[in-house]
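Beneath this line is the structure, given in structure tokens, with notes to follow.
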Amino acid sequence: MSFDLFCRVVDNFGDAGVCWRLARRLAALGQSVRLWIDRPEILARLLPALDARADGQVLDGVRIGAWSAAEHAEPPRDGVVIEAFACALPPAYEAAMAGRGCLWINLEYLSAESWVEGCHGLPSPQANGVPKFFFFPGFTRATGGLLREPGLLARRDAEQARDRGQRLLTLAGLPSAPPADALCALLFCYPGAPLEGLRTALAGLDRPVWLLVPGGPPPAALRDLGGLRVMPVPFVPQARFDELLWCCDLNFVRGEDSLVRALWAGAPLVWQIYRQERDAHLDKLEAWLERARWPAPAAELIRAWNRPDDEAMARTLPAALREPAWSAWRARSRAWCAELAGQPDLGQDLLDFCLRRHQTR
Ligand code: TRH
């Protein structure tokens, strides 16, 4: 089938990151895919081979076009149009969809809340008569699942069998390899995270800590202290981001795509959820914590990180890293990763959904 995927960047990297990953996945499943994006320069940060000024480049089997060009594009006959995160299609394109046998999918944000299961796959009747459906990523079989490429976990295991110091030297350009007993942590967070609490907690551990901070100089609040070394590392292409996560014992991630990738890493992670008005994000965080079933000290730490609370951070992080909480957290991370990997991946699930809808027309 032919897919047109529309992406508007609201902020940061997640909108482009999720859409690019889905576009690649559908192309790898043998579909013909065009990705229309309003800020190609953001995608180029994740995909350095992309020339943000050129229109119509084909990378990894996906044709990448500028949003402005989509105004005059023809919707694919009997194809699928994906509107990511309710981004609203270009009006002329939307008008041209009528009568072409298109299926229209609204790909929603990832949420662990239980109402998602009831809304996944529901129709959304449209004035132009084009059949439109909600498609929700999620953590259960009653949702669209999470994006996962075939063989990802085997690739992870093979990588992790190699020397970690060597992997970090090549990938992150570190001046030297971390000591064998060091705790390696990746920090990818939003401004406003309780960094003072993080610094105090990490510096007070009874082992060396290497904190890898990708993409530019680390925030001023983060400086070496005690056994803590703060290491700036480059912003790696998205295709190599997993490898960075796989080098670390603990991953601080945020938003949507880096969360999912940290889950596939199968190691302890601290998620910073995207902030919303009136603290709506904290309810979403609780829904996720309920599904995650982390040991209590890890859950307390994740709450402190999101509130954000420096004092609670300095207290809860050492508790979560202390035995037996740490081993329990590691074990649960592996187990949830395996459980989630036992469910169909979002790319295949979306393709099957579209095929079924086309057959039942
Ligand atoms: O960047 P994010 O915070 O993105 C978002 C946006 O804020 C968006 O508006 C919001 O709706 C969404 O989150 C939920 O976080 P996310 O989703 O993790 O995206 C980051 C992307 O950047 C992800 O694809 C991984 C990639 N990345 C790299 O490729 N290399 C790197 O070195 C790093 C640190 C990240």
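So with the 1.4 Å probe, I'd like the accessible area per residue for segment 153-341, rounded to whole Å². Working shown, then result.
On the way: 7930 Å² over 189 residues.
Spelled out: the 1.4 Å probe surface of segment 153-341, per residue, equals 42 Å².
Could you check how much of the accessible area of segment 1-89 is carbon and sulfur, as a whole percent, using a 1.4 Å probe? Don't skip to the answer; put the middle values down first.
Numbers: 1670 of 3520 Å².
Heavy-atom surface of segment 1-89 belonging to carbon and sulfur, 1.4 Å probe: 48 percent.
In units of 2.2 N^0.38 Å, what is the alpha-carbon radius of gyration of the chain? Spell out each step's value before the answer.
Details: Rg = 21.2 Å, N = 361, 2.2 N^0.38 = 20.6 Å.
After normalising by residue count via 2.2 N^0.38 Å, the value is 1.03.
Subtracting the Cα-Cα distance from 0.36 nm times the residue separation, let me have the gained length for D60 to S124 in nm, one decimal.
Taking D60 through S124 to full extension adds about 19.8 nm, to one decimal.
Using a 7 Å offset from the Cα along the Cα-to-Cβ direction at both E71 and L169, what is the distance between the two label points in nm, to one decimal?
5.4
Any chance you could run the full-extension gain for L225 through R357? It's 0.36 nm times the residue separation minus the Cα-Cα distance, nm to one decimal.
Values: separation 132, 0.36 × 132 = 47.52 nm, distance 5.77 nm.
Going from the current span to full extension adds 41.8 nm.
At a 1.4 Å probe, what is the % contribution of carbon and sulfur to the accessible area of segment 154-270?
Numbers: 2400 of 4300 Å².
Exposed carbon and sulfur together represent 56 percent of the surface.
Counting helices only, and only those DSSP H runs with n ≥ 4, report the 222 nm mean residue ellipticity of the chain as the sum of -39,500 (n - 2.57) divided by its residues, in deg cm²/dmol to the nearest 500.
Details: 15 runs with 150 residues, N = 361.
Counting only the DSSP helices, I get -12000 deg cm²/dmol.
The values are calculated or read from the model by the stated rules, or taken from the named source; none is laboratory data. Just so you know, these numbers come straight off a predicted model, no measurement behind them. Cβ sites come from the backbone with ideal geometry, for glycine too, and all protein chains shown count toward neighbours. Ligands, DNA and RNA are stripped out before the accessible areas are found, and what is left, the full protein with its side chains, is counted by its heavy atoms. Shrake-Rupley method; radii C 1.70, N 1.55, O 1.52, S 1.80 Å.
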